[in-house]
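Below: the structure, in structure tokens.
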Amino acid sequence: MPRARAGKERGFGGTRPEGSAGFAGVRDGMPETSTQLVVEDLRVVLRIGMTEEERALPRPIRIDLTLEVDYDGSDQLSGTVDLDEVVKAVEALSAGEHRLLETFAHRVAGTILDSSTRIRGVWTAVTKPAPPVGAAVAATGAVVFRSRDG
């Protein structure tokens, strides 16, 4: 599983597009000041797929999150985002039924943004291991970015 590295943007497969200007305060691809919190390899089981047959069996899904947050430097949980609360919100959303990975990824991102006003933006990568597609692939996935700015 990819790990966060200095100078490497996070997202599906451990990267996001060079020069990505999705987060507030980004110029020439580099944040002016930035605090990012990362949740890697959150595993949930959910009913997802286009057909009723596919949704009948719960499937394991991996979720990677990168949150751009307003951190006040206080070294107190009240000055940042409680990742335990973020994870609980995502797990609660996983209880429903979903058709497309990209729809689920957008729902996760929206839920996360709604969970704290300290979150300015979120990259959400959702991966479905061993999907029922016509070719031998290890996984399929969707990556979305949402921010308070739209």
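Taking amide H atoms as placed 1.01 Å from N in the peptide plane, the amide H of Gly141 lies under 5 Å from those of Lys128, each 5 or more residues away in sequence or on another chain. Taking a sphere under 14 Å around the Cβ of Leu101 and counting the other residues whose Cβ falls inside, with K and R at +1 and D and E at -1, yields a net charge of +3. Label-to-label distance, Ala89 versus Ser34, with points set 7 angstrom from Cα along the beta-carbon direction: 2.1 nm. The 3J(HN,Hα) values that the Karplus relation (6.51, -1.76, 1.60; θ = phi - 60°) gives for region 35-49 are, in residue order, 10, 10, 10, 10, 10, 10, 6, 5, 10, 10, 10, 8, 8, 9, x Hz. Gly and Pro appear as x. Here the Karplus relation 6.51 cos²θ - 1.76 cosθ + 1.60, evaluated at θ = phi - 60°, turns the backbone of region 88-97 into coupling constants of 4, 5, 5, 4, 5, 5, 5, 6, x, 10 Hz, with x for every Gly and Pro.
Readers should treat all values here as calculations from the given coordinates under stated rules, not as data from a laboratory. Fair warning: this is a prediction, and the values are worked out from it, not measured in the lab. Virtual Cβ from ideal backbone geometry, glycine too; neighbours counted across all protein chains shown.
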